[in-house]
Structures are given as C-alpha cells and as structure tokens.
Amino acid sequence: MKSRSELIRFFLTTILSLVALVYTFAKEPSSINLVGSTPADSLITSQLSIQPGTKIDFIHWNLVLKNQTIFILNITFGESKPNTLGFLEGGQSKHFTGKYTISKIGNKTIFCLTSGELKISLLKLHDNLYHLLKENNELMIGNGGWSYTLNNKNAFKLNDTLPYLITQENIKEETSVKVIYDGRTPCKEFADEHKIKVSDDCFKLKWKLTLHRDSVTFAPTIYSIRKVEDNVLKEITGNWVIIKGTKKNPCATLFQLDPNKPDQSISLFVADDNILLFLHKDESFFVGNEHFSFTLNKRANEL
C-alpha cells in the first residue's frame, strides 16, 4: 500500500501531466484556417481546374487544414469590382476537399494538397504564414496587386518570430544595380506602428520599392519607396543595408531601409530571391488578411 507522501506525489504528477497535455493541445490547434487573395496566373488556374479563357483578376482563398490529414478549400474568383474588395457580379466559386501530406526538404516544411486532379503545394514560412509553390518548389511570384502568401486567420504571436527556413546560402548575390519590388498590403496595422496618418477607412497601401546598388561592388546604396496612402502618392528615399543573421535567427537575411532612423526604418525578411516580407519593429512578421498580405514581389522587368 502506498504511503501518504507517495499518493500526494502521484496525484501531483498526474495533475501536472494533464496540465501539460491541455497546454499541448492549446498550443497545437487541430485545424488551421488560411486566408488570402492571390493573382490568377496560368499555373494556379490550371491547378484549380478553372476553365481557360475565364476572365480573372484575382482569387480569394479560404483553406482549412484539419487534423493533419484533411483539407477543405473554398475559392472565389473573377474580375475585380472597381473601388471595392469584391468581384463583379459576385464572381464564381469552387469547392475542394481532400487530403494533405507534410514533408521535409532540408529545413523546409512543405504541405501537399491533393484532391482528384488538384495538386497544390505550400511552404510553411511560419505558423502564421504559408506561401504557394511552383512545381519545382520555388515560391510563386505575385504582382503589384496580390501575392501568393496565405495568412493564418487566427494568427498568434510567437517568441521565435523568424522561421528557420531560408539560410544565407540560399540567397543569391544580386548582380543588378537596380531591383524593383511592388505589391499591396493592409493599411491600418502598418500605419499605426509607423505613425503614418491615414483615414479611418484606409484598407490598403500600394508599394513600389526600388533598391539601388553600387555598379562595381553591388553593395547597397540608396532606395526609394513610392506608396499610395489614401489615394495620395508619397515618395521616400534613404539608405539601406543587408543584415545577415539576427539575435532571434542567425540564418535570417533582412533588408533594412533607413537603418540610422529607428523611428522610420522598415525591415523586410528575404524569403528568397523574389519575395520580401514585412517585419514588425520587434522582427516578428506582419500577418495579412483575406484581402492582402504583407508581401512584396520582385518585378521581372521595369513596367
């Protein structure tokens, strides 16, 4: 027969085990709801079995990953309705259900969704950010309107704020003296943090970022940003630097704009050679919404 002290120890151990179990389930949700709006290039429309010739400006995504095996995907697509976030005549819709698998390629976590002829892959950039992949597992490149980043609808803040995904060896040394990125992001969260005055109904910021480099060494020199706030075009210029490694992630590569002006500086995480992600002042990721992501896409050429 157990002594009283042994019973107390057994009771406390059991309670602690139950608490740990509850914490684990609370930390690891049984489902993840990803939302976002993406471009509609030929690759993604083919993967989604959208009839060729359909007039599409963008695709709205609502993807639920359940129990590490099942996914439910609802998309709406069509021509953009001017001055709104919606589609002309409500757009068209498609629904998919199927299974997904999780695989590791190096230090990358890739989700592969299959349902009939549907096969879509996403790279997990972070618990709150996933990005659609090309067939060769490279990140898909968006345009000036939308990106291919999907956002956790129930985003939460983590202490390990940067992903251990893209190492410095994966980032090619740029050999162009001028590179342009553009995109549209949500408005209020960024404006509030950077103390930018916008109207109460501001819902997007339009960005065009130009990075200049020395013509001999290709070291960073100056940058310019053209952004539209409340239909007003503003242009900012300054210096920029490349940061290799941070306290929270020694393998991260960042572009920092105006590094000598902490109140005005902007940090961008280099996801790969074509994709930049906005960071908060504490180097955690900005997480977008169902309409826009905090992603900039490299231009193939100057437009």
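The values are calculated or read from the model by the stated rules, or taken from the named source; none is laboratory data. Fair warning: this is a prediction, and the values are worked out from it, not measured in the lab. Because the Cβ atoms are built from the backbone with ideal geometry, glycine has one as well, and the counts that use them run over all protein chains shown.
Things worth noting here:
- Unmet requirement for Ser5, which otherwise passes all of (1) at pLDDT 60 or above; (2) of a type in the set (Ser, Thr, Tyr); (3) in a helix (DSSP H, G or I): (1)
- The set of residues in the range 49-68 that are buried (at least 18 other Cβ atoms within 10 Å of the Cβ) and not aliphatic (A, V, I, L, M) comprises Phe58, His60, Trp61.
This table checks each residue for (1) in the same structural domain as Asp57 (by TED's automatic domain parsing); (2) modelled with pLDDT of 95 or more; (3) not in a strand (DSSP E or B).
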residue: Cys202; (1), (2), (3): no, no, yes
residue: Glu235; (1), (2), (3): no, no, no
residue: Val241; (1), (2), (3): no, yes, no
residue: Val287; (1), (2), (3): no, yes, yes
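- The strands (runs of 3 or more DSSP E) located wholly in the range 87-168 that include 2 or more residues which are at pLDDT 95 or above and farther than 30 Å from Lys281 by Cα occupy 92-105, 108-115, 118-126.
- Of all the numbered requirements in (1) more than 25 Å from Thr38 (Cα to Cα); (2) free of Cβ contacts under 8 Å to residues at least 40 places away in the same chain; (3) in contact with a helix residue (DSSP H, G or I) (Cβ under 8 Å, 6 or more places away or on another chain), Cys202 misses one, and that requirement is (1).
- Among the residues listed as Asp258, Asp214, the single one being crowded, with 18+ Cβ neighbours inside 10 Å, without any contact (Cβ under 8 Å) to a residue 40 or more places away in the chain and either under 16 Å from Ala191 (Cα atoms) or out of contact with any helix residue (DSSP H, G or I) (no Cβ under 9 Å at 6 or more places or on another chain) (or both): Asp258
- Listed conditions (1) surrounded by fewer than 14 Cβ atoms within 10 Å (Cβ to Cβ); (2) within 21 Å of the chain's Cα centre (by Cα) are all met by Asn83, apart from (2).
- Some residue of the range 23-37 being in the same structural domain as Leu129 (by TED's automatic domain parsing), modelled with pLDDT of 95 or more and part of a loop (DSSP other than H, G, I, E, B): no
- Of the residues making up the range 92-108, those that are without any contact (Cβ under 8 Å) to a residue 24 or more places away in the chain and not charged (D, E, K, R) number 5.
- Count - residues of the range 69-79 that are at pLDDT below 95 and surrounded by 14 or more Cβ atoms within 10 Å (Cβ to Cβ): 0
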